[in-house]
Amino acid sequence: MQKHKMKSNLPIPLLFLSLLFSFSWAALGLTHQQQHHSFLQCLNRHFGNANSISTVIYTQTNSSFSSVLEFSLRNARFSTPNTLKPLVIVTPSHVSHIQATINCSRTHGLQIRIRSGGHDYEGLSYVSQVPFVIIDLINLRSIDVDAENKTAWIQAGATIGELYYRIAEKSSTLAFPAGVCPTVGVGGHFSGGGYGMLMRKYGLAADQIIDAQLVDVNGKLLDKNSMGEDLFWAIRGGGAASFGVVVAWKVKLVPVPSTLTVFTVNRTLEENGTMLVHKWQSIAPKIHEDLYIRLFLRAVNSSQQEGKRTIQASFVSLYLGRADELIDLMQESFPELGLVKEDCIEMSWIQSIMYFPSDIPEDAPLEILLNRTGSAGIFKGKSDYVTQTIPETALEGLWQRFYEDETESLEILFSPYGGNMDDIPETETPYSHRAGNLFNIHYVVGWSEEDASESQRYINFMRRLYRYMEPYVSKSPRRAYMNYRDLDLGTNNIGPYTSYKQASKWGLPYFDKNFNRLIHVKTLVDPTNFFRYQQSIPSLSRG
């Protein structure tokens, strides 16, 4: 990413003031202009030198502003002319830049959004309804892997693809249990839970965090010991952006065999797809924890009836062992799928990381995991947890939804639980979706036109689909995964205080009984609710 060097004979504070007068905030009036001017003067005092500030701070009149904003923007629903843009983007290269931004934002009444990878579904790391500043952690992404002690320090701006690559540089038998999309940033992914293909064996990314560095509301840099047990608990699954700015995570790495086995088996409705999906629900969460079988559902052209559409179920698996062992296990536990040796591919763990993402070409080099460039789609996502198997009749009703006009890019993903996820207490971290869950459902639909009415049509479809599934998923509350943010569940107001009733509409689905403890921690560490956004943990303090 090219940095823009500002050239001017004006002193730095006056230069920024002159930029702001030509900036879209000019209509706000003198008071707000003075507020923003004072904010930038504050940053200038803290940063200390012109070279530092000019390569770290981007205002809307900076020629690189749009490219910096859009580089990590992954949902184009929030890249429209009507979307409020940040006053300033800060791309810190040092902890002191984060501390200065927090202190100056507090002093001058600006909200902060914190971005690591930009994959949040509702754009909450780069969207606001009031004047705001983005702290984009893209320049804080160093990774230090200690293979001997099986640990790693990872700065929060790194991606999980970068992490996987650096682990593989040091060891072929160490891994980390996180997601499959390599451009996801570790800052948000870890702090919201972070699940992936090793989940049934080792739990979530958040379950492996053993230390962290966080800048709090007062601008202090804290580690596990100085932040205390409650705050360290809260940021490992409760969404760290509600509590401060995570600078780095220390994690445990996990052992994997030198040879793993993967397979992808596709079956359509004409190939007993409904029966297999129904059967999968009771097998995948109970099978040996070394085996993880995900299920992707999508509409495809029928190979048996020209011009007709059908549903394809793709069974995508990772097994921590050899193909012969996997065949025996599948013949014993899931013979109906008909897995044969030819379906199986033996490979290393890092090769499996390259295998699962659909957008990585087969012949791509490992270095593609270091590529942070990603396209911004237009989509709406939702999630559910399932505690009882969905009957075949309900699945047949679900298939009908795939034939509606808005479903060309609809995909539904079933991710199995069980294994080690059943053994970790639901209060161990804020992520409460443990024993009793058979699988998680991820719904996502995309479209191509950036048009408000077109977007609403697809969002309405997703809401209808979600209503259809209500009888077949978890209840009281109907649960959801925090990393699949869904503002349909509810939002906070944008002021400093939010009522419990208002926040609980979305908080209980994400965290269930852990929500109350999260509010308690928030009230202790951020009583004025400085770190807030539409679905942040609220402080209930009035002091």
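The values are calculated or read from the model by the stated rules, or taken from the named source; none is laboratory data. Because the structure is a prediction, the values reported are computed rather than measured. Here the Cβ is made from the backbone with ideal geometry for all residues, glycine too, and neighbour counts use every protein chain on show. Ligands, DNA and RNA are stripped out before the accessible areas are found, and what is left, the full protein with its side chains, is counted by its heavy atoms. Shrake-Rupley method; radii C 1.70, N 1.55, O 1.52, S 1.80 Å.
A compact table of results
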item	result
Exclusive hit being within 22 Å of the chain's Cα centre (by Cα), surrounded by 13 or more Cβ atoms within 10 Å (Cβ to Cβ), hydrophobic (A, V, I, L, M, F, W, C) and part of a loop (DSSP other than H, G, I, E, B), set Ile390, Ile378, Ile360, Ile350	Ile360
Residue among Gly381, Gly419 that alone is touching a residue at least 40 places away in the same chain (Cβ under 8 Å) and under 22 Å from Arg478 (Cβ atoms)	Gly381
Out of His94, His4, His46, sole residue that is at pLDDT below 70 and within 34 Å of the chain's Cα centre (by Cα)	His4
Filter result for Gln129 (open to solvent by 10 Å² or more (accessible area, probe 1.4 Å) and closer than 23 Å to Met354 by Cα)	no
Filtered residue count, region 115-141, keeping only those that are free of Cβ contacts under 8 Å to residues at least 40 places away in the same chain and among the hydroxyl-bearing types (Ser, Thr, Tyr)	0
Region 423-479, residues that are within 18 Å of Ala394 (Cβ to Cβ) and among the aromatic types (Phe, Trp, Tyr)	Phe439, Tyr443, Tyr466, Tyr468, Tyr472
Enumeration of residues in region 329-343 that are outside any helix (DSSP H, G or I) and open to solvent by 20 Å² or more (accessible area, probe 1.4 Å)	Gly338, Val340
Selection count, region 522-534, where residues are in contact with a Gly (Cβ under 8 Å, 6 or more places away or on another chain) and either open to solvent by less than 30 Å² (accessible area, probe 1.4 Å) or among the basic types (Lys, Arg) (or both)	2
Subset of region 141-163 (residues that are surrounded by fewer than 24 Cβ atoms within 10 Å (Cβ to Cβ) and in contact with a Gly (Cβ under 8 Å, 6 or more places away or on another chain))	Arg141
Set Tyr58, Tyr126: member being touching a helix residue (DSSP H, G or I) at 6+ places or on another chain (Cβ under 8 Å), assigned to a strand (DSSP E or B) and of a type outside the set (A, V, I, L, M)	Tyr58
Yes/no for Glu406 being over 16 Å from Pro509 (Cα atoms), open to solvent by less than 30 Å² (accessible area, probe 1.4 Å), of a type outside the set (Phe, Trp, Tyr) and free of Cβ contacts under 8 Å to residues at least 60 places away in the same chain	yes
Matching residues, region 409-427, being within 19 Å of Arg464 (Cβ to Cβ) and either assigned to a helix (DSSP H, G or I) or open to solvent by 20 Å² or more (accessible area, probe 1.4 Å) (or both)	Ser409, Glu411
Selection count where residues are open to solvent by less than 40 Å² (accessible area, probe 1.4 Å) and more than 17 Å from Gly196 (Cα to Cα), scope region 275-328	17
Entirely in region 194-313, the strands (runs of 3 or more DSSP E) that have 1 or more residues that are assigned by the TED database to the domain that holds Ala152 and among the acidic types (Asp, Glu)	209-215
Residue match in region 169-176 (condition: open to solvent by 10 Å² or more (accessible area, probe 1.4 Å) and among the β-branched types (Val, Ile, Thr))	yes
Subset tally (residues that are within 26 Å of Tyr417 (Cβ to Cβ) and open to solvent by 10 Å² or more (accessible area, probe 1.4 Å)) for region 447-472	7
Test: Ser455 is modelled with pLDDT under 95 and in the same structural domain as His288 (by the TED database)	yes
Residue list for region 428-443, filter: open to solvent by less than 30 Å² (accessible area, probe 1.4 Å) and not aromatic (Phe, Trp, Tyr)	Thr429, Pro430, Ser432, His433, Arg434, Asn437, Leu438, Asn440, Ile441, His442
